[in-house]
1. Starting from the range A:62-75, take each residue that is touching a residue at least 24 places away in the same chain (Cβ under 8 Å) and list its partners that are of a type in the set (S, T, N, Q) and in a loop (DSSP other than H, G, I, E, B), counting only C-beta distances under 8 angstrom and pairs at least six apart or across chains.
2. Could you please find all residues in the range B:44-59 being under 22 Å from residue A:144 (Cβ atoms) and either surrounded by fewer than 22 Cβ atoms within 10 Å (Cβ to Cβ) or among the polar types (S, T, N, Q) (or both)?
3. For the range A:103-125, indicate whether the set of residues that are touching a Lys or Arg at 6+ places or on another chain (Cβ under 6 Å) and within 11 Å of chain B (Cβ to nearest Cβ) is non-empty.
4. Tally time: how many residues in the range B:172-194 are of a type in the set (Val, Ile, Thr) and surrounded by 15 or more Cβ atoms within 10 Å (Cβ to Cβ)?
5. Within the set of pairs 6 or more residues apart or between chains, which connect a residue that is farther than 15 Å from residue A:164 by Cβ and within 14 Å of chain B (Cβ to nearest Cβ) inside the range A:180-192 to a residue that is assigned to a helix (DSSP H, G or I) and more than 6 Å from DNA strand C (Cβ to nearest atom) with Cβ atoms less than 8 Å apart?
6. Could you give every pair whose Cβ atoms fall below 6 Å, whose first residue belongs to the range B:120-149 and is more than 19 Å from residue A:86 (Cβ to Cβ), and whose second residue is of a type in the set (Asp, Glu) and within 16 Å of DNA strand D (Cβ to nearest atom), counting only separations of at least 6 or pairs across chains?
7. Does residue A:129 fit the bill of being at pLDDT 95 or above and either under 16 Å from the mean Cα position of the chain (by Cα) or more than 8 Å from every other protein chain (Cβ to nearest Cβ) (or both)?
8. Using the structure shown, decide if residue B:181 is within 11 Å of DNA strand C (Cβ to nearest atom) and under 18 Å from residue A:141 (Cβ atoms).
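The values are calculated or read from the model by the stated rules, or taken from the named source; none is laboratory data. Predicted, not measured: the structure shown is a model, and the values here were computed from it. Heads up, the Cβs are rebuilt from the backbone with ideal geometry, glycines too, and the neighbour counts pull from every protein chain shown. For accessibility, only protein heavy atoms count, side chains too; no ligands or nucleic acids. Shrake-Rupley method; radii C 1.70, N 1.55, O 1.52, S 1.80 Å.
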Number of protein chains: 2
Amino acid sequence: MNIDPLFTYINRFVDLTEEEKGILASQVTVRKYLKNQFIVQQGDVCRFENFVLSGCARTFHVDKEGQEHIVMFAIENWWISDLGSYLSQTPAFYNVQCLEATEVVQFPFENLEQLYEKIPKLERFFRIIIQKAFVASERRIVRNYSLSAKERYLEFRKQYPAIEQRVPQYMIASYLGMTKEFLSKVRSQLISDQ
Amino acid sequence: MNIDPLFTYINRFVDLTEEEKGILASQVTVRKYLKNQFIVQQGDVCRFENFVLSGCARTFHVDKEGQEHIVMFAIENWWISDLGSYLSQTPAFYNVQCLEATEVVQFPFENLEQLYEKIPKLERFFRIIIQKAFVASERRIVRNYSLSAKERYLEFRKQYPAIEQRVPQYMIASYLGMTKEFLSKVRSQLISDQ
DNA sequence: AAGGGATGTTAATCTAGTTTAACATCATTG
DNA sequence: CAATGATGTTAAACTAGATTAACATCCCTT
């Protein structure tokens, strides 16, 4: 499978020359996962940063009570990994599991420093996308505190309509920080509202 | 005031030459704010990224009901701004207000691109610190969902003992996503526990 | 086509945390 | 030093959302 979607994505932020594309292509690999397979498992060291070419995956943490807490979903053109684990090569706090057959471009940790050396623009690229991710994450914290369950669900539907179609409802409830029963109630209220 | 604490901080991640320090010093300014002054106001465009030399400040959002939600505190050696507003020069989502007289090093947005050009290492530096901030922010989301109010308070005390001393209790409650009355109850429970 | 696992709904009961309100303490400033 | 505003406490009444449990649906798979 070709990795053009990755180049297209990167070129939204920095311009890669053909030579740089070649170097990048030589340092990454494409891998296919089946539905339900794990790309990262909590406790293992995360070896790759992954760019999704096709499919859908979730990142979640299992707490000491055994509760799952989903922190993100990823579909085409999203990045997914346990960044904390990847960067410091320490045990992962999260699981990353495929919800559909999923194809990713993998950036092995061992190649990362070389990649930054050979293509300094990538330093800039990753800075920019992580800044965006950080801003979104902080805003999510505020939303979680300031919005009701119903409002959070409506925001989610507006912001990620594509994801809502592809992911079971109980996982959306987990992402939104409520029980699946309560999300079901919220939804039935919304239906009777209009 | 000299900006050596900034250089010390940056040198934990990348090595700046004396020349680079000179360039950096020429592109930033030091500013003092009084207690209660605003470094950024919600709705204005955030013009500076700020590094705290001394003092203490908070970042908070006021929602449509007029509720305040504190997303972070900053003391010496922390960064504070509305990053989303700063990077895209759009109206700020947050307020940044000093809780004590506070001295900061300001990185004006106009100088940022030049600074990256003249000192490419800074690209790397900011990538690294923002990665850390992002990882912390995502973990905070999980903690907010998986821990009780009491547990969140204990975590906060353990993680930021210096901040707890300097900030009024009702602001800590806001940071932790609970009412000041409930935090007071949690605290009195903790006292009677032991 | 039958059976079983995964998903979704409904409703009763429960609880962590909110709201409201009254009061206590303390620091600042006039 | 009196007064005022900012901070912190306590307790009663309330509510958003959790828990539990029973049932409904919709798949896959054999």
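1. A:62/A:42
2. B:59
3. Yes, the range A:103-125 contains a residue that is touching a Lys or Arg at 6+ places or on another chain (Cβ under 6 Å) and within 11 Å of chain B (Cβ to nearest Cβ).
4. Restricting attention to the range B:172-194, the residues satisfying the condition of being of a type in the set (Val, Ile, Thr) are B:172, B:179, B:186, B:191.
Filter once more, keeping what is surrounded by 15 or more Cβ atoms within 10 Å (Cβ to Cβ): B:172, B:186.
Result for the range B:172-194: 2.
5. Listed pairs, sorted by first residue: A:182/A:149; A:182/A:173.
6. B:146/A:63
7. Numbers: at pLDDT 95 or above: yes; either under 16 Å from the mean Cα position of the chain (by Cα) or more than 8 Å from every other protein chain (Cβ to nearest Cβ) (or both): yes.
For residue A:129, the condition - at pLDDT 95 or above and either under 16 Å from the mean Cα position of the chain (by Cα) or more than 8 Å from every other protein chain (Cβ to nearest Cβ) (or both) - is met.
8. On the way: within 11 Å of DNA strand C (Cβ to nearest atom): yes; under 18 Å from residue A:141 (Cβ atoms): no.
Considered against the rule, which asks whether it is within 11 Å of DNA strand C (Cβ to nearest atom) and under 18 Å from residue A:141 (Cβ atoms), residue B:181 comes out as no.
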